[in-house]
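These notes are about the structure you will find just below.
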Amino acid sequence: MEVTRYQSHAVSVIEINHPPVNALSSLVCQALFKEFVEASKDPSVEAIVLCGANGKFCAGADIREFKSTSLMKTISIEDINGNIESCKKPVVAAIEGVALGGGLELALSCHYRVAHIKAIVGLPEVLIGILPAAGGTQRLPRLIGIPAALDMIVRGRHVPATEAFQLGIVDQVVQTNAIDAAVHLAREIIGKPLDNRRLSTLPVQYNINIEDFFDNALKKAKIQFFGAQAPLACIEAVKASVELPFYQGLKKEQELIASLVTTGQPQAQQYAFFSERNAGKWTLPSGEGWDNVSPKIIKTTAVIGLGTMGRGIVTSLSKANISVIALEQDEKQLNQGKKAVISLLEKEAEKLNKQGKSSSFANGLGPVHFTLDFGEIRNVDLVIEAVYENMGLKKKIFQKISKILKPDAFLCTNTSGLDIDEIASVTNRPQNVIGMHFFSPANIMRLLEVVRGCYTSPITIATTMSLGKTLGKVAVLVGNCPLFVGNRMLLPYVEQAGYLLEDGCNPEDVDNALEHFGFAMGPFCMMDLAGLDVGWRSRMEKGLTGDRVPTGTPARQRQGNRYCPIADMLCELGRFGQKAGMGWYKYEKLGGRKASPDPWIRDFLEKYRNTHQIKSHVINSEEIIQRCLYVLINAGFKILEDGIATSPEDIDVIYNNGYGWPKYRGGPMYYAATTGLAKVYETLDRNYKANPDIPSMKPTFLLRKLVAVGEPPLKEWKTQLGNLNNKL
Ligand code: 3H9
């Protein structure tokens, strides 16, 4: 039974019961409509309470039912809302857990709202590419005013109950059972007038210049959410609440959502939504997985190394209220690390404070303890090593700690690409060793690549994946290979960016094209931010540049393949990026963040092309995008082929959450599917034939096969490979 109804004296309680989150599927809508009509007609009922089973009010329309253009046909939430609002008997929403999207819209049509203190409310439709289209954009501004409503709707913000009370969204916040409190309130208001409680009948109050306000909001949203259509549609819909009568406003919501669906963005964002949830459902070829391996509970941890990454990881653990011992090798670095962690925690506490939430670390370090003594970590459940990327150093540390730690403790290494098996091999418990690749800043970035080595046990995977979730991360299980998934795909992308400079582009041409595509940052801005010396050091270690390059090697060739030495040349000149005040761009000062195109680079590139007799040509944005993205996608197919990622969805989750890929384009593999695999294949193939010295352009076996079998849907790609090479 999707909806149940029982009576408590004169109050009828209607409960939505549709696990896991009481989403409003077609069946739920039908049942809710029916139960509500019956209750409202029943003469023994004098008031109605609406609630959800299992401690959740409702997470909105059932996204699983959204199907491209049929989105609106399956949902009749506003029919229910209209009925509720016009009911002559008082209706009270009892909000526990979540009232999101259509769930909050349902609550807004009730005459009163009671929320449990731990509940959250919000209209997060924008995050899945649509807008609240069951009256949310019309009722919320009438209740809390335009600026507050617009902020919630355009950002899709989750609002905690206490803030919802301050804003006037809920009438009562209770610490005890919200349903009992709602029934109590319903009894009290029986027979009282309801006219000013029907939001659709109220005027939108404002004392601002509406034209200017919405113009500014649009301008800001076009910059902040560049390329995304849903935030703009949200603004238009809220504007309609001021300009149009309520029912025309509802019509506007419908028109806007229908036009959003034609952009393809909602489909991409909903795909991203479900891919993120599926990433947690890891399964090994042995059949062991998320649903049959229980994680160990991690209560105590240690982090070794308090550089940038270590500080962020300590902050993350502390935020999640997990006890952490932070370890450094000398007093100076320990104090520097401690100061940085305190400052990060203060910022986090301030953020929580603004959201009306308290934190355990508001007045100090919460569960963090700093030490130089390795002996102190002997009893922790899990260690995360976060020293700099040096295999020798990491092995030394793992050898040492595996002797100190209790036998069942887990050993994690935060590395962006080193071999997990080599690190595990020096310990006395390789089955408990795993990679945790955090992204910088680790206390903010949501992505976590969990890297399984060949010895790693299922329980180690389960524990680390579960810890990732506790830290609020999107954890994705990947296999062990140089650079894992995200960075391995990035390598040919950055290489292409270098070739584009040789072929005639300036850095800003490449960055502009990719930022226009929707990336948060183009490759050259990204390198300037990260520091060009990072890649330079790694290329020196690999013998691609520096003293280890054999004499007589052509400047633009390594092992017979094309090589672009420009980044190395900039590093030799000390142009390390932002920290040096110059890199691919120039900056206003050392550590400055405002990049300006540098005439010096233009001259340098001209001379470079002349020296190497490169005939440059005009390269348009389409060519830039295709050249950079198709090699990245091709690397994604190779990763699937090698069994390093479980699915194309996992790759997309990695790119959406760690590499600034625009979510409204779904992720690189989804983009390939929507662009057409044949087009990607043919372009790569043509380019590879013209440039046989760029192996990353050679279409992979999987891509070729998928084209040959007629481009099956993305969900079926992996089945084309069978169990070939599964490293997971
Ligand atoms: C809408 O309402 C449109 C309206 O304006 C009307 C337009 C006409 N539908 O995230 P979790 C599933 S649009 C279907 O892991 P948590 C989810 O897939 C909707 N399924 O848990 C997962 O399933 P599974 C607006 C949904 O505790 C399971 O629930 N609402 C929906 O970390 C648990 O999810 C939203 O955008 C749904 N609406 O977080 C809210 N929601 O177990 C979206 C969740 O099979 N949802 N599922 O993998 C959320 O933000 C989070 O899921 C929530 C729980 C905060 C609710």
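The values are calculated or read from the model by the stated rules, or taken from the named source; none is laboratory data. Not measured: the values here are computed from a predicted model. All Cβ positions, glycine included, derive from the backbone under ideal geometry; neighbour counts span all protein chains shown. Quick note on the areas: whole protein, heavy atoms, side chains included, nothing else; ligands and nucleic acids left out. Shrake-Rupley method; radii C 1.70, N 1.55, O 1.52, S 1.80 Å.
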Exercise for the section: Normalise the Cα radius of gyration of segment 627-728 by 2.2 N^0.38 Å (N = residues in it) and let me know the number. Expected result: 1.01
Problem - Accessible surface of Asp212 - all protein chains present, 1.4 Å probe, nearest 10 Å² - result: 80
Exercise for the section: Please work out whether segment 156-292 counts as rounded, prolate or oblate from its C-alpha gyration tensor, where a ≥ b ≥ c are the square roots of the eigenvalues and a/c under 1.5 means rounded, while otherwise a/b larger than b/c means prolate and anything else oblate? Expected result: oblate
Problem - Whole-Å distance, taken between Cα centres, linking segment 676-728 and segment 563-596 - result: 36
Fill in the blank from the handout: Accessible-area order for His184, His369, His612, largest to smallest, probe 1.4 angstrom, reads His184, His369, His612
Practice task
Report, by chain and number, residues whose modeled amide H sits under 5 Å from the one on Val98, excluding near sequence neighbours (fewer than 5 apart, same chain).
Solution key: Phe57, Cys58, Ile120
Problem - Accessible carbon and sulfur surface of segment 15-134 relative to its total accessible area, %, 1.4 Å - result: 58
Problem - DSSP bridge orientation in the chain - percent antiparallel, rounded to nearest 5 - result: 30
Completion exercise
With every protein chain kept in place and a 1.4 Å probe, the residues His111, His116 fall, from largest accessible area down, as His116, His111
Practice task
Give a quick list of trypsin sites (Lys or Arg not before Pro) in segment 511-601 that DSSP marks as loop, anything other than H, G, I, E or B, with at most 12 other Cβ atoms within 10 Å.
Solution key: Lys542, Arg548, Lys589, Arg593, Lys594
Completion exercise
Note on segment 222-324: alpha-carbon gyration tensor, axes a ≥ b ≥ c; rule is a/c under 1.5 for rounded, else prolate if a/b larger than b/c, else oblate; result prolate
Exercise for the section: Could you work out how far apart the two model spin labels at Leu372 and Ala555 are, taking each label as a point 7 Å from the Cα in the direction of the beta carbon, and quote it in nm? Expected result: 4.9
Handout entry: Accessible surface of Thr201 - all protein chains present, 1.4 Å probe, nearest 10 Å²
Key = 90
Handout entry: Residue-normalised accessible area of the chain, expressed per residue, 1.4 Å probe, Å²
Key = 43
Practice task
Would you list, by chain and number, the lysines whose Cα falls below 25 Å from the Cα of Lys339, excluding same-chain residues fewer than 8 positions away?
Solution key: Lys299, Lys319, Lys347, Lys351, Lys354, Lys357, Lys394, Lys473, Lys579, Lys589
Practice task
Evaluate the Kirkwood expression for the hydrodynamic radius of the chain, namely the inverse of the mean inverse distance over all pairs of different C-alpha atoms, and round to one decimal in Å.
Solution key: 28.2
Handout entry: For segment 369-447, radius of gyration divided by Kirkwood radius, i.e. Rg to Rh on alpha-carbons
Key = 0.95
Exercise for the section: Would you mind working out the magnitude of the charge dipole of segment 626-698 relative to its Cα centre, with +1 at each Lys and Arg C-beta and -1 at each Asp and Glu C-beta, to the nearest 20 Debye? Expected result: 320
Handout entry: Placed amide H near Leu477: partners under 5 Å, 5+ positions off or other chain
Key = Val450
Completion exercise
Heads up, segment 300-482 by the C-alpha gyration tensor (a ≥ b ≥ c square roots of eigenvalues; a/c under 1.5 rounded, else a/b over b/c prolate, else oblate) looks prolate
